[in-house]
């Protein structure tokens with residue numbers, strides 16, 4: 001399983017006000033994986049041995065990786081916002097990983113501009129670079145081989161793009 005180019009994580013260049021939180025104001029923004037940003041390449045020798053394959057893609061947020069919170073310090077952007085979830089999906093002494101989340105930030109200021117719908121937006125022209133793209137491929141072998149599916153998963157560090165409305 002190989003990729004012809006790096007996956008792209010899209011992040012909105014602003015955050016929408018979503019309500020008060022304790023003594024601050026809570027904002028959130030859209031983050032998603034641009035599945036058209038990369039293609040999956042299966043070895044032709046493998047293709048002749050399988051009936052078909054299925055691919056799925058997911059986005060994970062690594063809050064802490066190998067006991068380091070700022071593990072992408074040398075990468076693009078920085079952790080300007082963070083995921084909000086019911087808790088990490090995986091946690092041990094060295095790693096904290098979230099799979100279901102909303103990216104949020106908190107601010108004391110209340111004078112962010114409103115749009116024509118009355119929504120309040122806080123500009124955020126920075127990426128959060130703690131995402132990892134998980135690509136899972138399920139191969140379905142042809143008979144006379146064992147026809148139980150073979151599942152492979154790889155992780156990729158993505159490129160980042162900010163987008164506007």
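The label point for residue 54 and the one for residue 106, both projected 7 Å from the Cα toward the Cβ, are 4.1 nm apart. By the Cα gyration tensor, segment 103-165 has an equivalent ellipsoid whose semi-axes, rounded to whole angstrom, run 45, 14, 10 from largest to smallest. With a simple spin-label model that places each label point 7 Å from the Cα along the Cα-to-Cβ direction, the separation between residue 156 and residue 22 comes to 3.8 nm. Estimated from the Cβ-Cβ distance and a Förster radius of 41 angstrom, the FRET efficiency linking residue 143 and residue 10 is about 0.50.
Please arrange 145, 160, 27 by how many other C-beta atoms lie within 10 Å of their C-beta, fewest to most.
Working: 145 11, 160 18, 27 23.
Lowest count first: 145, 160, 27.
According to the square roots a ≥ b ≥ c of the eigenvalues of the Cα gyration tensor, what is the shape class of segment 5-50, taking rounded for a/c under 1.5, prolate for a/b larger than b/c otherwise, and oblate for the remainder? Taking the square roots of the gyration eigenvalues as a ≥ b ≥ c, segment 5-50 is prolate. Spin-label model, residue 99/residue 65: points 7 Å from Cα along the beta carbon direction are separated by 1.8 nm. Taken over the Cα atoms of the chain, the convex hull encloses 154 Å³ per residue. Mean-square fluctuations from a GNM of the chain, with a 10 angstrom spring cutoff on Cα atoms, peak among 154, 72, 29 at 154. Comparing mean-square fluctuations of 35, 148, 94 from a GNM of the chain with C-alpha springs under 10 Å, the top value falls on 148. Sequence-distant contacts, meaning Cα pairs under 8 Å at least 6 residues apart, place the relative contact order of the chain at 33 percent.
What ranking of 151, 31 emerges when the number of other C-beta atoms within 10 Å of each C-beta is taken as an exposure proxy, fewest first? Before the final figure, lay out each step's value.
Values: 151 10, 31 20.
Arranged by neighbour count, lowest to highest, 151, 31 become 151, 31.
In this structure, residue 117 and residue 46 have a Cβ-Cβ separation that, at R0 = 35 Å, corresponds to a calculated FRET efficiency of about 0.10.
Taking neighbour counts of Cβ atoms within 10 Å as a proxy for exposure, in what order, fewest first, do 15, 10 appear? Intermediate results must be reported in sequence, preceding the final value.
Numbers: 15 24, 10 16.
Ordered from fewest to most neighbouring Cβ atoms within 10 Å, 15, 10 come out as 10, 15.
FYI, it's all coordinate maths here, none of it is from the lab. In this text the structure is predicted, and so the values were computed from the model without any measurement. Note that each Cβ is placed from the backbone with ideal geometry, even for glycine, and that neighbours are counted across all protein chains shown.
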